[in-house]
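The values are calculated or read from the model by the stated rules, or taken from the named source; none is laboratory data. Everything quoted here is computed from the prediction, not taken from an experiment. Note that we place each Cβ from the backbone using ideal geometry, even for glycine, and neighbour counts take in every protein chain shown.
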Amino acid sequence: MNKEDTKIMSDTLILGIESSCDETAAAVVKNGREVLSNVISSQIDLHTIYGGVVPEIASRKHIEKINQVIELALEKAGVTLDDIDAVAVTYGPGLVGALLVGVSAAKAIAYAKKLPLIGVHHIEGHVSANYIEHPDLEPPFMCEIISGGHTHLVIVRDYGEFEILGRTRDDAAGEAFDKVARAIGLGYPGGPKIDKAAREGNPEAVDFPKPKVLDTGKTSLTFARGSHEMSNYDFSFSGVKSAVLNYLNKCEMTHEKWDVADVAASFQKVVVDSLVETAMRGVKDHNVKKFAIAGGVASNTALRAAMEKACAENGLDFYCPSPVYCTDNAAMIAVAGYYEFKKGNRSGWDLNAVPNLKLGER
């Protein structure tokens with residue numbers, strides 16, 4: 001008989017493990033809302049010299065750090081593995097080698113301690129980060145998920161249940177930030193550096209085109225393998241990225257000077273305006289009263305301010321995680337895992353890394 005069958009507790013402790021990209025993270029969360037520990041070992045300095053994440057290096061660093069990070073998370077929480085009720089781990093999407101490190105560690109712990117194993121979708125984790133600091137937030141609500149690899153607009157129907165309204169057709173918002181930052185000489189990671197530079201620039205200095213998606217008449221998405229039907233709430237950021245590159249090339253050919261802060265601010269404004277306008281259009285069309293943002297780009301100060309203002313103007317309750325819970329962390333994975341645990345969902349020992357896992361897939 002395993003621990004799940006024999007242990008009766010008023011509190012539920014979930015050990016969360018996250019290793020989808022370049023952060024090795026572990027956390028202990030109580031009852032899906034209270035973070036007892038949240039340990040993150042970042043590889044940013046290691047990858048900066050390459051201008052981005054090198055998958056093989058990331059995987060090796062995860063192997064070096066995973067046990068240390070888990071042990072420290074347990075220590076900071078003041079618990080041992082004997083106190084844990086389940087192990088939740090990111091199994092996709094992400095870098096396959098990096099994911100495998102976390103999945104392997106989680107499976108080993110769960111098997112050795114006879115604990116339930118719960119595979120968590122990384123994007124569901126980002127949405128769940130909103131529950132940590134907002135005890136009043138419960139589904140249903142609308143959420144815009146904005147990260148380096150993903151841009152989605154969804155209605156959260158229930159814990160772990162999503163209706164996808166729109167997604168990016170090309171570059172994710174965070175990907176565009178990284179590419180533009182590299183082009184204007186700010187380097188990696190692009191999002192925080194553009195955010196900082198933009199505060200010193202004029203957002204009206206350069207007239208970059210605002211991303212525009214044609215009206216399709218569709219208000220939700222249906223997915224086929226490898227593709228999706230277009231929606232009114234889709235995003236597109238490759239065009240504005242190309243516009244920045246074309247502007248820089250023109251300036252170089254005509255020997256025209258340009259200002260890093262002005263370009264950063266002008267680019268950021270266009271992206272933020274697009275994200276806000278698409279979200280508010282979705283809110284009005286679906287009569288939503290609660291709106292949240294999530295993902296790494298949700299830590300952008302201009303975006304947070306613009307979303308808060310737009311929600312206030314439209315009479316919406318606005319939710320966003322603190323920056324530490326916007327970027328990759330294990331607390332959000334533990335939270336998502338808690339709600340899967342409460343619903344009785346479990347993963348088998350055949351749980352594997354799924355690098356291209358789509359939102360809504362299991």
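Is it true that some residue in region 118-128 is within 30 Å of ASN314 (Cβ to Cβ) and more than 15 Å from the chain's Cα centre (by Cα)?
Looking for residues that are within 30 Å of ASN314 (Cβ to Cβ) and more than 15 Å from the chain's Cα centre (by Cα), one finds none in region 118-128, hence no.
Conditions tested, residue by residue: (1) among the hydroxyl-bearing types (Ser, Thr, Tyr); (2) at pLDDT below 95; (3) in contact with a Phe, Trp or Tyr (Cβ under 9 Å, 6 or more places away or on another chain).
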residue: SER37; (1), (2), (3): yes, no, no
residue: ALA98; (1), (2), (3): no, no, no
residue: VAL101; (1), (2), (3): no, no, no
residue: GLY119; (1), (2), (3): no, no, yes
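Tally the residues that are of a type outside the set (A, V, I, L, M) and closer than 18 Å to GLY239 by Cβ, restricting the search to region 168-192.
At the first step, the residues of region 168-192 found to be of a type outside the set (A, V, I, L, M) are 168-171, 174-175, 177-179, 182, 185, 187-192.
Imposing the further condition that a residue be closer than 18 Å to GLY239 by Cβ reduces the set to 168-171, 174-175, 177-179, 182, 190.
Residues meeting the conditions: 11.
Criterion first (over 21 Å from THR327 (Cα atoms) and modelled with pLDDT of 90 or more) does LEU214 satisfy it?
no
Taking the options ILE123, ILE118, ILE132, ILE145, name whichever one is β-branched (Val, Ile, Thr) and either out of contact with any helix residue (DSSP H, G or I) (no Cβ under 7 Å at 6 or more places or on another chain) or without any contact (Cβ under 8 Å) to a residue 40 or more places away in the chain (or both).
Working: ILE118 fails: either out of contact with any helix residue (DSSP H, G or I) (no Cβ under 7 Å at 6 or more places or on another chain) or without any contact (Cβ under 8 Å) to a residue 40 or more places away in the chain (or both); ILE132 fails: either out of contact with any helix residue (DSSP H, G or I) (no Cβ under 7 Å at 6 or more places or on another chain) or without any contact (Cβ under 8 Å) to a residue 40 or more places away in the chain (or both); ILE145 fails: either out of contact with any helix residue (DSSP H, G or I) (no Cβ under 7 Å at 6 or more places or on another chain) or without any contact (Cβ under 8 Å) to a residue 40 or more places away in the chain (or both).
Being β-branched (Val, Ile, Thr) and either out of contact with any helix residue (DSSP H, G or I) (no Cβ under 7 Å at 6 or more places or on another chain) or without any contact (Cβ under 8 Å) to a residue 40 or more places away in the chain (or both) holds for just one of ILE123, ILE118, ILE132, ILE145, which is ILE123.
Which condition number in (1) within 22 Å of LEU115 (Cα to Cα); (2) surrounded by 18 or more Cβ atoms within 10 Å (Cβ to Cβ) is the one that LYS343 fails?
Of (1) within 22 Å of LEU115 (Cα to Cα); (2) surrounded by 18 or more Cβ atoms within 10 Å (Cβ to Cβ), only one is false for LYS343: (2).
Could you check, for region 62-77, whether at least one of its residues is crowded, with 20+ Cβ neighbours inside 10 Å and of a type in the set (S, T, N, Q)?
no
Name the one entry in TYR339, TYR319 that is in contact with a Lys or Arg (Cβ under 8 Å, 6 or more places away or on another chain) and among the aromatic types (Phe, Trp, Tyr).
Just one listed residue meets the conditions, TYR319.
Among helices (runs of 4 or more DSSP H) lying entirely in region 252-362, which contain 3 or more residues that are more than 20 Å from the chain's Cα centre (by Cα)? Before the answer, list the steps.
Values: elements: 260-286, 301-313, 323-326, 331-342.
Of the helices (runs of 4 or more DSSP H) lying wholly inside region 252-362, those with at least 3 residues that are more than 20 Å from the chain's Cα centre (by Cα) span 260-286, 301-313.
From (1) of a type outside the set (A, V, I, L, M, F, W, C); (2) assigned to a loop (DSSP other than H, G, I, E, B); (3) modelled with pLDDT of 95 or more, pick out the condition that doesn't hold for GLY52.
All conditions pass for GLY52, except number (3).
Test of understanding: among SER42, SER20, which residue is touching a residue at least 24 places away in the same chain (Cβ under 8 Å) and of a type outside the set (Asp, Glu)?
After ruling out the rest, the residue left standing is SER20.
Identify the residue in region 224-248 that is surrounded by fewer than 19 Cβ atoms within 10 Å (Cβ to Cβ) and farther than 25 Å from MET280 by Cβ and, among all such residues, is modelled with the lowest pLDDT.
Looking at residues that are surrounded by fewer than 19 Cβ atoms within 10 Å (Cβ to Cβ) and farther than 25 Å from MET280 by Cβ, I get ARG225.
Specify which of the listed residues (LYS269, LYS257) is buried (at least 21 other Cβ atoms within 10 Å of the Cβ), basic (Lys, Arg) and farther than 13 Å from ALA183 by Cβ. Please lay out each step first, then the result.
Details: LYS257 fails: buried (at least 21 other Cβ atoms within 10 Å of the Cβ).
Only one candidate passes the filter, namely LYS269.
Looking at ALA73, ALA58, which is the one that is without any contact (Cβ under 8 Å) to a residue 60 or more places away in the chain and assigned to a helix (DSSP H, G or I)? Even if it seems obvious, please write down each step before you answer.
Working: ALA73 fails: without any contact (Cβ under 8 Å) to a residue 60 or more places away in the chain.
That would be ALA58, the only listed residue that is without any contact (Cβ under 8 Å) to a residue 60 or more places away in the chain and assigned to a helix (DSSP H, G or I).
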